[in-house]
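Q: Take a look at the following structure, please.
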Amino acid sequence: MRISILVILIVSLVFSFGVIGCTKKAANSQEAIQQAQELKTPEEQAKYLISQANAFINSKEFDQGIKTAQYVISNLDRNSQEAQSIIEKAKEELKKAAQGALDEARNKIANF
């Protein structure tokens, strides 16, 4: 009895991870939005787009992550804390990148 419950649980987990893991990152935010529009409910669309926005952020495609998260807020869930958090994280990463580029330029000028 316990073994069959364990087997069912493991099969369910493997199936869940397989479905979630099969979601590949879209090429850009527009493609992600088009794919999301094929989903049935706004909740499913928002969840999918949040995962895509996170994938963009993790790939350092901050502009695509921001566009995707903004779409969620504008069109699906005005109160999405996840989308807002993604936007804030992306903006912070962009600030860090800009500061790094500025520091590098200063160093090159100073060493010239």
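The values are calculated or read from the model by the stated rules, or taken from the named source; none is laboratory data. What you are looking at is a predicted structure, and each value in this text was computed from that prediction instead of being measured. Cβ atoms come from the backbone with ideal geometry, glycine included; neighbour counts cover every protein chain shown.
Q: Restricting the first residue to region 86-107 and requiring it to be farther than 24 Å from residue 70 by Cβ and in a helix (DSSP H, G or I), which pairs with a second residue that is modelled with pLDDT of 95 or more and among the acidic types (Asp, Glu) meet a Cβ separation below 8 Å and a spacing of at least six or different chains?
A: The qualifying pairs do not exist here.
Q: Follow-up. Could you list all residues from region 23-43 that are assigned to a helix (DSSP H, G or I) and loosely packed, with under 13 Cβ neighbours inside 10 Å?
A: Of the residues in region 23-43, the ones assigned to a helix (DSSP H, G or I) are 29-36, 42-43.
Once the filter is applied, which keeps residues that are assigned to a helix (DSSP H, G or I) and loosely packed, with under 13 Cβ neighbours inside 10 Å, region 23-43 yields 34, 43.
Q: Among the residues of region 44-60, count how many are in contact (Cβ under 8 Å) with a residue 24 or more places away in the chain and either more than 20 Å from residue 91 (Cα to Cα) or not in a helix (DSSP H, G or I) (or both). Let's see the steps before the verdict.
A: Step one: list which residues in region 44-60 are in contact (Cβ under 8 Å) with a residue 24 or more places away in the chain, which gives 45-46, 48-57, 59-60.
From the residues that got through so far, the ones that are either more than 20 Å from residue 91 (Cα to Cα) or not in a helix (DSSP H, G or I) (or both) too are 45-46, 48, 59-60.
Total satisfying the criteria: 5.
Q: Still on this structure: Can you name every residue in region 63-105 that is small (Gly, Ala, Ser) and touching a helix residue (DSSP H, G or I) at 6+ places or on another chain (Cβ under 6 Å)?
A: Residues of region 63-105 small (Gly, Ala, Ser): 65, 69, 74, 80, 83, 85, 90, 97-98, 100-101, 105.
Across region 63-105, the qualifying residues are 65, 69, 80, 83, 90.
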